[in-house]
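The values are calculated or read from the model by the stated rules, or taken from the named source; none is laboratory data. From a predicted model like this one, the values you see are computed outputs, not experimental measurements. Quick reminder, even Gly has a Cβ in these numbers, built from the backbone with ideal geometry, and neighbours come from all protein chains shown. These accessible areas exclude ligands, DNA and RNA; they are computed on the full protein's heavy atoms, side chains included. Shrake-Rupley method; radii C 1.70, N 1.55, O 1.52, S 1.80 Å.
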Amino acid sequence: MGLEEKLPSGILLTNVERIVNYTRANSLWPATFGLACCAIEMMASGGPRHDMARFGMEVFRASPRQADLMIVAGRVSNKMAPVLRRIYDQMSDPKWVLSMGVCATSGGMFNNYALVQGVDHVVPVDMYVPGCPPRPEMLLDGILKLHEKIKHETFAEQGARA
Amino acid sequence: MAIDPTAAHTATPAATPPATAADLDDDIYVEGADWESVVDAVSDDHITVNMGPQHPSTHGVLRLVLDLDGETVTRLTPIVGYLHTGIEKNTEVRTWVQGTTFVTRMDYLSPFFNEAAFCLATEKLLGIEVPERAEVVRVILLEFNRIASHLVWLATGGMELGSTTVMEFGFREREHVLDLFEAQSGLRMNHAYIRPGGLAQDVTDDFLERSAALVDLLTERMRDYEDLLVENPIWHARLKNVGHIDADTCLRLGVTGPVLRAAGVPWDLRKAQPYSGYERYEFEVPTRTEGDSFARFLIRLEEMRQSMHIIRQALELLPGGPVMVDDKRIAWPSQQSLGADGIGNDPDYIRHIMGESMEALINHFKLVTQGFTVPPGQVYVPVESPRGELGYAVTSIGTNKPYRVHVRAPSFVNLQAADVMARGQGVADVVVVVASLDPVMGDVDR
Amino acid sequence: MSHVTPVPGTSPSVGAQLPTTTTGVAGRSALSLDDIAQRITVRFPAVRAEQAFGELTLHVEPDDLLEVVTFCRDDDELSCELLSDLSGVHWPAGEHTIARQTSTTGWPDYRVSREQGVVEVLYILRSVSRNHHFRISAGTVDTSPRLPSVTGVYPTANFHEREVYDFFGVEFDGHPDLTRILMPDDWVGHPHRKDYPLGGIDIPYKNDKFIPPPHERDLREVID
C-alpha cells in the first residue's frame, strides 16, 4: 500500500510531533507550588501509597525554570496572584498548568474579597481537577488525562498557548 | 624593652614604618559622608536576601526577608498574607453550622481542632452540653489528628533537611490515620464532622476495632522514627543548639504549644482548662529545658505517644447513646445512615416529616435553610492544637449567623519568634528554625 | 549558650519587668473572676466589669488602657504573663437586629452603641503561672479609630495589632511598624469592617445567565 509495507522489521514510522509529545508527556516535571490544603494532598500523591513516581513525575522541581507543569494546589489570594504569574512566566516553554481543587478552579466556597475567583484569570489552565481537596487518586487521574492531552497536541497549539 | 600594655594606645603614627608610594597606590582616598557609607556597606558584607513566598523549605507560602552578615542571620522578617482567604469574614454571612465547614479549612493539618474549638464556642454561647459519646469520639479524633499533624511536621521537616526517608515514613502512617477519618466523616481532610451540639453522624460499627488496630500500628511504627532519628548524628548536628528560645521570651512573644513546652513551661490547655472531658484522661505534659529544635522534636515525639495513651483510655471509655444533643431546635434533624444503594438516608425520619407531622416538616426546613439562633454575647474558647493555643473569639448578636469570628491562630503568633530564634544562626539554620516552629500557612493567614 | 537577642521594637527593660515563670505553672491557684474584677476595679474605679458565659470582661477607656494592661502584667496577684489574643469587632452606627431579638427571646441585653460606630478591640490576658484569663475591651470611634499600642507591654501584640489595623483600620499609637500584614500593601479599605462588602463575584444560577468558559469570559461582565 505505501511505505509501511516495504519497511524491514524493527522500524517504526511516526512524526516528530508525536515522538516529541510522547517524551514530553512521560517526563513531566511539576513545580513545587503548594498553596493550601491541596498541597498536602499533592505531597501525599508523592508519598508511598499513591507514589507518583510510577508516572515519571516524582521529581518536584523547586525552581520553576526546571519545571514543565505547575500544579496550582490551593486557593490563590490577591496577594499571591502576581507571584503566581511571575512563577508561571519563569517556567520555560512548553508548560502546562493544572488547577487542583475547587478553590484554584473557581474560588470555590470562598467567594469573597480575598481570593482570585479562579486561577484562570491569571494563567491559562489546561486541566481542572475538582474536589475539596481532591483525593490523590483524583490528582493522578487529572495528570494522566493531561498526559493524554499533551500527546495529542500539535506544536501549533502549544505555540499559540505560550 | 618591657612590654607596656598601654603603650599601643598612645603610640604615635610615626612609630609605624612610613608608607611607600606602592602602598598609597593600593588605597583609595576619598572624602565625603555619602561615599564612605557606600564603602562601608560593601566592605561589611551585609546583604538582604529574600526567601519565598514560593520556596520548597518554607512550609507553604511564607516569605522571609533575611538580613545577613556573611553567613550569619542578623534579622529575619516574616512576611505573611499570601494565603489570606477571608474565612473570618465568610463565616459572618453563613449559619453557625455552615461555619464549621469554613473553619475546618483554616489549619488544614489539624482540621478537627478548628471544628472542635468553633463548636465549643458555639455550644458555650448556646449553653448546651454535648452527649458523652460525642465528647469521647471528639477526643479520639482530636488525638488522632494531633498524631497526623505531628507526622506531617516530621515528614516535611525531614524533607526540608534533606531526609527523604523521614518524609516517606511520615506520609505512610498518615495515610492510615486519614483512612480512619475518611471512614467516619467521608473526607480525608476538611471533615466538618464535629458540629455544634455533637457530631454530624455516629461513628461506624467497626470504629473501636479500627482505632485500636491503628493505635497498635502507630505504636509499633513510632519505633522506626526513634531508631532513625533520635541517635542520628546528622539529625543532632542540624537540630541541636539551633533555634534556641527560652521560656521568658516565649511568653513575651506569645509562643505556646510544643515550643513553649520545649523551653520548660508545662503549659497545656488540656490540663490547665480541660474541655471535652480531658480531665478524665491520664496523660503527661512532656517538657524539656533545652529550648532548641532538638528538644521540640523530642517533645513532639512524646506528645504522639501521650496521644496514643489518651486514645487507648478513650476507646475503653466510649459509651453508647446519641451523638447529638436532644434538642430539636439545634440538632441536625435526621441521623442518616448509609443505605444499601450507597446513599445516605433515614426512612423513618422521612416517614415522620412527610406523613405524620407538619410541624416537624416546618422545623426541618427552618433548621436546614435558616439554622438556629444563638444568644448574644462574646466568648473566647481556646483549645490545645498541635501548634499551641488555638482560640476562637466569637461574637454573637442573637441571629442565626455569627457576628464576628476571630481566630487566635497559634502559627500566626508563633511566627513572631522566628526572628529571635534565627538571629546569630547560619542561613541553613533558618530552615530548621521555621520547620521546628511548624507554622501552617492556612492557619497564619486564615 | 543563648542566642536570644532583644526583640525589635521593645525596650530591653520590658524583659526585666516580666516575672520569671519557668516553674510556677502548677504552683499557684487561679483567682476567681470576682477577685480579678475587684482587684482591678479597686485600683481603677473607671473600669466597668461584666461577667457573662463564665467569662469576665473589663471595659476600659482608651486613655487608661496602657496603665491597666501594665498593672495586669506587673501585679503579683494577677501576673498575666501572656497576651493570648487581640482582636477587633466593628459595631457600625445604626439599627441592629439585636433589639428585636432581645425583646422576643428574653436573652440578656447586649451592649451596643448605635448612635456612633465603634471598633471594639478585645484583649485576652492570661496568667500561665496562676491559670486564669479575662478579657479587656476598649472601644474607639470607627470614623477615626485610634488606640495606644500595647507592644511596649506585650511584644506579642505586634502582629495582632497589625492585623487589627489591616482589617479595621485602628491606628495604634506607638506601634513600631504599623503596616498591613495579611492584605497586599496597596489594598484600599479595611475588609473586616461591616461597611466593607464581602466581595467576590456573583454566581447567577437564575434565568438564562451562566458563566462562560474562561477563554470566552469577560471579567467585567461576570462582576456586573
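Quick notes on this structure:
- Against the criterion of being farther than 21 Å from B:PRO131 by Cα and among the basic types (Lys, Arg), B:ARG305 qualifies.
- Among the residues of segment A:10-22, those identified as surrounded by 10 or more Cβ atoms within 10 Å (Cβ to Cβ) and either in contact with an Asp or Glu (Cβ under 9 Å, 6 or more places away or on another chain) or β-branched (Val, Ile, Thr) (or both) are A:GLU17, A:ILE19, A:VAL20, A:ASN21.
- Criterion: open to solvent by 50 Å² or more (accessible area, probe 1.4 Å), farther than 20 Å from B:PRO382 by Cα and either without any contact (Cβ under 8 Å) to a residue 12 or more places away in the chain or in contact with a Cys (Cβ under 9 Å, 6 or more places away or on another chain) (or both) - qualifying residue of B:ARG351, B:ARG288: B:ARG351
- Subset of segment C:53-98 that is within 11 Å of chain B (Cβ to nearest Cβ) and assigned to a helix (DSSP H, G or I) - its residue that is modelled with the highest pLDDT: C:ARG73
- Selection status of C:VAL150, at pLDDT 90 or above, buried (at least 16 other Cβ atoms within 10 Å of the Cβ) and either over 26 Å from C:ALA52 (Cβ atoms) or not small (Gly, Ala, Ser) (or both): yes
- Filter result for B:VAL259 (closer than 21 Å to B:LEU390 by Cα, in the same structural domain as B:VAL433 (by TED's automatic domain parsing) and hydrophobic (A, V, I, L, M, F, W, C)): yes
- Any hit, segment B:190-203, residues being of a type in the set (Lys, Arg) and assigned to a helix (DSSP H, G or I): no
- Verdict on A:ARG54 being at negative phi, within 17 Å of the chain's Cα centre (by Cα) and of a type in the set (Lys, Arg): yes
- Those residues of segment C:101-144 which are polar (S, T, N, Q), open to solvent by 20 Å² or more (accessible area, probe 1.4 Å), closer than 25 Å to C:THR41 by Cβ and modelled with pLDDT of 85 or more, in sequence order: C:ASN131
- Identity of the residue in segment A:83-101, without any contact (Cβ under 8 Å) to a residue 60 or more places away in the chain and open to solvent by 50 Å² or more (accessible area, probe 1.4 Å), that ends up nearest to A:ASN26 (Cα to Cα): A:SER92
- Matching residues in segment A:66-82 - criterion: being open to solvent by less than 10 Å² (accessible area, probe 1.4 Å) and either farther than 19 Å from B:TYR108 by Cβ or aromatic (Phe, Trp, Tyr) (or both): A:ALA67, A:LEU69, A:MET70
- Hits in segment A:41-60 - residues which are open to solvent by 30 Å² or more (accessible area, probe 1.4 Å) and either closer than 15 Å to B:THR164 by Cβ or at the interface with chain B (Cβ under 9 Å from one of its Cβ atoms) (or both): A:MET43, A:PRO48, A:ARG49, A:ASP51, A:ALA53, A:GLU58, A:VAL59, A:PHE60
- Hits in segment B:60-92 - residues which are assigned to a loop (DSSP other than H, G, I, E, B), more than 9 Å from chain A (Cβ to nearest Cβ) and open to solvent by 10 Å² or more (accessible area, probe 1.4 Å): B:GLY70, B:GLU71, B:GLU92
- Among the residues of segment A:130-162, those identified as open to solvent by less than 20 Å² (accessible area, probe 1.4 Å), more than 30 Å from B:ASP179 (Cβ to Cβ) and in a helix (DSSP H, G or I) are A:ILE150, A:GLN158.
- Taking each residue of segment A:13-42 that is over 15 Å from B:HIS59 (Cα atoms) and assigned to a helix (DSSP H, G or I) and looking for partners that are open to solvent by 10 Å² or more (accessible area, probe 1.4 Å) and among the small types (Gly, Ala, Ser) with beta-carbon atoms closer than 8 Å, six or more apart or interchain, yields A:ASN26/A:GLY56.
- Taken over segment B:93-129, residues that are at the interface with chain A (Cβ under 10 Å from one of its Cβ atoms) and in a loop (DSSP other than H, G, I, E, B) amount to 8.
- Residue tally, condition touching a Gly at 6+ places or on another chain (Cβ under 6 Å), closer than 23 Å to B:LEU141 by Cα and either modelled with pLDDT under 90 or small (Gly, Ala, Ser) (or both), over segment B:229-278: 1
- Where a residue in segment B:419-431 is away from chain C (no Cβ under 11 Å) and its partner, wherever it lies, is at pLDDT 85 or above and open to solvent by less than 10 Å² (accessible area, probe 1.4 Å), with Cβ under 6 Å and at least six apart: B:VAL430/B:ALA422
- Residue list for segment A:102-129, filter: under 19 Å from C:GLY199 (Cβ atoms), more than 10 Å from every other protein chain (Cβ to nearest Cβ) and open to solvent by less than 10 Å² (accessible area, probe 1.4 Å): A:ALA104
- Inside segment C:161-192, residues that are within 13 Å of the chain's Cα centre (by Cα) and either under 19 Å from A:LYS79 (Cβ atoms) or within 14 Å of chain A (Cβ to nearest Cβ) (or both) make up a count of 9.
Residues are listed down the side, and each one gets a yes or a no for (1) out of contact with any strand residue (DSSP E or B) (no Cβ under 6 Å at 6 or more places or on another chain); (2) over 17 Å from A:ALA39 (Cβ atoms); (3) not hydrophobic (A, V, I, L, M, F, W, C):
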residue	(1), (2), (3)
A:MET80	yes, no, no
A:LEU98	no, no, no
A:LEU115	no, no, no
A:HIS121	yes, yes, yes
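- Scan of segment B:295-309 for residues that are of a type in the set (Asp, Glu) and open to solvent by less than 10 Å² (accessible area, probe 1.4 Å), ordered by number: B:GLU303
- Scanning segment B:365-419 for residues that are of a type outside the set (Phe, Trp, Tyr), under 24 Å from the mean Cα position of the chain (by Cα) and part of a helix (DSSP H, G or I) yields B:PRO410, B:SER411, B:VAL413, B:ASN414, B:ALA417, B:ALA418, B:ASP419.
- The residues of segment B:383-418 that are within 7 Å of another protein chain (Cβ to nearest Cβ) and touching a strand residue (DSSP E or B) at 6+ places or on another chain (Cβ under 6 Å), listed by number, are B:GLU389, B:GLY391, B:ALA393, B:THR395, B:ARG404, B:HIS406, B:ARG408.
- All positions within segment B:243-262 that are under 24 Å from B:ALA155 (Cα atoms) and open to solvent by 10 Å² or more (accessible area, probe 1.4 Å): B:HIS244
- Residue that is most open to solvent (accessible area, probe 1.4 Å), among those in segment B:420-446 that are of a type outside the set (A, V, I, L, M, F, W, C) and assigned to a helix (DSSP H, G or I): B:ASP429
- Residue match in segment B:253-270 (condition: in a loop (DSSP other than H, G, I, E, B), among the acidic types (Asp, Glu) and closer than 23 Å to B:ILE310 by Cβ): yes
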